[in-house]
Amino acid sequence: MENFTPLSAALGGALIGLSVLILWLGNGRIAGISGVAGGLLRPQAGEAGWRVAFLAGLIGAPLFHALLLGAPEISIRSTYPTLAVAGLLVGFGSRLGSGCTSGHGVAGIARLSRRSIVATILFMLAAAVTVFITRHLAGG
Amino acid sequence: MGRILVSLASGLVFGLGLVVSQMVNPQKVLAFLDVAGNWDPSLAFVMGAAIPVAALGFALARRRQAPLCAEAFSGPVRKAVDGRLVAGALIFGTGWGLAGFCPGPALAAFLLAGTPALVFLAAMLAGMAAFTAIDRYLPPAR
């Protein structure tokens with residue numbers, strides 16, 4: 001438990017919730033990352049601009065943080081093949097399931113959506129089982 | 001213009017939240033998912049804090065006919081738990097557990113974390129494009 005960081009986690013979480021609040025009250029859109037990004041792959045008329053602006057902020061914020069407050073720790077230990085397979089599954093699955101950790105896990109649960117509650121339980125379970133297999137069963 | 005600025009602000013706050021909470025760090029995420037190992041429950045506090053703040057936004061919006069900078073609220077309309085939702089969530093969760101990256105952190109990290117983050121992001125976008133390409137051949141959403 002030496003890495004337990006509940007305060008910074010809650011502060012960061014509140015910011016993520018605030019982002020959802022801003023985009024819903026301001027634009028009437030759900031701040032779900034897979035939906036915002038995936039919608040750019042075949043954008044409808046007038047739909048690209050706000051998506052690009054959101055993603056620019058999402059990508060820019062860590063850069064500002066790195067310049068002003070220090071670079072965040074981003075430790076990636078997976079091999080390239082694992083990253084490639086994981087990326088394909090995350091991209092495909094989040095689009096097929098209409099959402100990811102943000103759209104279902106935060107915005108959907110906040111809306112008390114039954115679909116999002118089911119999806120969040122399922123992707124949490126699948127992720128925990130995958131970690132159990134790769135870390136504890138497969139010689140990791 | 002207001003719509004673009006709202007989106008930019010929302011994206012900035014989201015990205016800052018990912019950094020502050022350490023969601024942007026795959027090792028932190030994997031430690032949260034590793035309930036049978038040296039479990040780090042920190043990231044439960046991310047959802048625990050994010051959900052009530054987001055819920056406040058949805059509650060405030062119920063008093064309004066339209067958002068501040070757009071013509072209408074445009075949220076999800078589907079209600080049924082169908083095969084797409086179940087299969088998609090299971091596939092997404094498996095990928096999340098393999099590398100510790102979900103879409104937000106993958107985008108937030110890719111300029112700061114070198115080639116491995118780029119490999120994940122490229123594959124993720126390819127997976128999204130693959131879905132867009134085969135969407136119409138899959139069973140329809142209910």
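Here A:L122 does not fit the description of being assigned to a loop (DSSP other than H, G, I, E, B), among the hydrophobic types (A, V, I, L, M, F, W, C) and at the interface with chain B (Cβ under 7 Å from one of its Cβ atoms). How many residues are out of contact with any Phe, Trp or Tyr (no Cβ under 8 Å at 6 or more places or on another chain) and more than 7 Å from every other protein chain (Cβ to nearest Cβ) if we restrict to the range B:32-51? So the count comes out to 1.
Residues that are more than 19 Å from A:P72 (Cβ to Cβ) number at least 1 in the following helices (runs of 4 or more DSSP H) confined to the range B:28-142: B:44-61, B:83-99, B:114-134.
Which condition from (1) touching a residue at least 60 places away in the same chain (Cβ under 8 Å); (2) surrounded by 22 or more Cβ atoms within 10 Å (Cβ to Cβ) is the one that B:S42 breaks? Failed condition: (1). Scanning the range B:19-30 for residues that are within 7 Å of another protein chain (Cβ to nearest Cβ) and buried (at least 22 other Cβ atoms within 10 Å of the Cβ) yields B:V19, B:V20, B:S21, B:Q22, B:M23, B:V24, B:N25, B:P26, B:L30. Inspect all residues belonging to the range A:69-80 and state whether any of them is more than 14 Å from B:G100 (Cα to Cα), more than 7 Å from chain B (Cβ to nearest Cβ) and open to solvent by 20 Å² or more (accessible area, probe 1.4 Å). Yes, some residue in the range A:69-80 is more than 14 Å from B:G100 (Cα to Cα), more than 7 Å from chain B (Cβ to nearest Cβ) and open to solvent by 20 Å² or more (accessible area, probe 1.4 Å). Would you point out the residue of the range A:88-98, among those that are under 22 Å from A:G17 (Cα atoms) and open to solvent by 10 Å² or more (accessible area, probe 1.4 Å), that is farthest from the other protein chains (Cβ to nearest Cβ)? Filtering first and then ranking leaves A:S98. Here A:L41 meets the list (1) free of Cβ contacts under 8 Å to residues at least 12 places away in the same chain; (2) more than 7 Å from chain B (Cβ to nearest Cβ) almost entirely, failing just condition (2). In the range B:108-142, the residue that is nearest to the chain's Cα centre (by Cα) out of those that are touching a residue at least 60 places away in the same chain (Cβ under 8 Å) and open to solvent by less than 50 Å² (accessible area, probe 1.4 Å) is B:A108. For the range A:3-32, the set of residues classified as among the hydrophobic types (A, V, I, L, M, F, W, C) and modelled with pLDDT under 95 consists of A:F4 only.
The values are calculated or read from the model by the stated rules, or taken from the named source; none is laboratory data. These numbers were taken from a predicted model, which means no experiment stands behind them. So basically every Cβ, Gly included, is an ideal-geometry build from the backbone, and we count neighbours across all protein chains shown. Heavy atoms of the whole protein, side chains included, go into the accessibility calculation; ligands, DNA and RNA do not. Shrake-Rupley method; radii C 1.70, N 1.55, O 1.52, S 1.80 Å.
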